[in-house]
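The values are calculated or read from the model by the stated rules, or taken from the named source; none is laboratory data. Note that the coordinates shown come from a computational prediction; the quantities given were computed from them, not determined experimentally. Here the Cβ positions follow ideal geometry from the backbone for every residue, glycine too, while neighbour counts run over all protein chains shown.
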C-alpha cells in the first residue's frame, strides 16, 4: 500500500504543487513566443476543480479567462502600436501574418531547420520586411530598406512589450489561483 493511499491529503499536496509547476510553464510560455501559455494555466485550474470541486476554482477560473482575453488584446495592440509608431503600412501587417503562418509551417526557405518555434519568431519579421519593402516602390532602394528595417524593429519591440505584459497577467492568474486555493489545501 502506498503512502498516498494511506493519507489522501499527501496526494492532493503533490498534485497541487505539480499543477503549480504546470502553471509556471504556462507563465514561461507567455514570455516566450510560440509556446502555449494559457492552455497550461486553464488546464491546471480545471484539473484542480475536478479534484476539489469547481466551487473552489470559480474565482481563479474567471480571473484567468479575463486575463486570457486581456493578454491577447494587449499582445495584438502592443505589436500594432510598435509597427504603426514607425509609419508602417498595412502591407507590413499582412506580410507579418503571412510570415507567421509560413514560419510556423516551415515554409521559409531561409529557415530549413529549427521547427515552428524559430519560424514563429522570425516569420513575422521577415514577412513584415518584405511587405513594407514591396509597398514602398516609389522610394529609392536605401530609403526602402531603412523603413522596412524600422518596421521590423517596431515588431520586435512591440512583441517584447506585449509578451512582458502577458507574462505579468499570467502571473496574476496563477497568484489568484494560489491565493484562493491555498486555504483549501489539505482539506
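Values as computed for the structure displayed
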quantity	calculated
Scope the range 69-90; condition under 19 Å from the mean Cα position of the chain (by Cα) and in contact (Cβ under 8 Å) with a residue 40 or more places away in the chain; matching residues	70, 71, 74, 75, 76, 77, 78, 79, 80, 81, 82, 83
Qualifying residues in the range 30-64 (those that are closer than 25 Å to residue 160 by Cβ and without any contact (Cβ under 8 Å) to a residue 40 or more places away in the chain) - the one farthest from the chain's Cα centre (by Cα)	42
Verdict on residue 59 being modelled with pLDDT of 80 or more and in a helix (DSSP H, G or I)	yes
Among (1) at pLDDT 85 or above; (2) farther than 14 Å from residue 159 by Cβ, the one test that residue 119 misses	(1)
Residue 128 vs. criteria modelled with pLDDT of 80 or more and closer than 24 Å to residue 175 by Cα	no
Condition met for residue 64 (in contact with a helix residue (DSSP H, G or I) (Cβ under 9 Å, 6 or more places away or on another chain), under 28 Å from residue 173 (Cβ atoms), at pLDDT 80 or above and part of a helix (DSSP H, G or I))	yes
